[in-house]
């Protein structure tokens with residue numbers, strides 16, 4: 001993944017996870033548990049993918 005592509009990937013990933021978390025919380029009438037879980041999932045997954053792709057490219 002090129003460094004210029006990462007912000008767009010992170011933004012789309014976060015927006016999709018925010019939407020899914022919000023819809024699940026609304027549907028199940030819960031506090032923002034799923035919202036927080038999905039945002040953490042998006043952030044950790046995006047940075048893990050960035051690190052994995054960076055290690056793969058450099059050696």
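The values are calculated or read from the model by the stated rules, or taken from the named source; none is laboratory data. Everything numeric here is computed off the predicted structure, so don't read it as measured data. Ideal geometry is used to build each Cβ from the backbone, glycine not excepted, and the neighbour counts take in all protein chains shown.
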Restricting attention to the range 1-19, report how many residues are more than 11 Å from the chain's Cα centre (by Cα) and surrounded by 13 or more Cβ atoms within 10 Å (Cβ to Cβ). 2
Options 51, 24: the member that is at pLDDT 95 or above and in a helix (DSSP H, G or I): 24
Please enumerate the residues belonging to the range 25-39 that are buried (at least 16 other Cβ atoms within 10 Å of the Cβ) and without any contact (Cβ under 8 Å) to a residue 24 or more places away in the chain. 25, 34, 35, 38
Condition check: part of a helix (DSSP H, G or I) and surrounded by 12 or more Cβ atoms within 10 Å (Cβ to Cβ). Does residue 42 satisfy that? yes
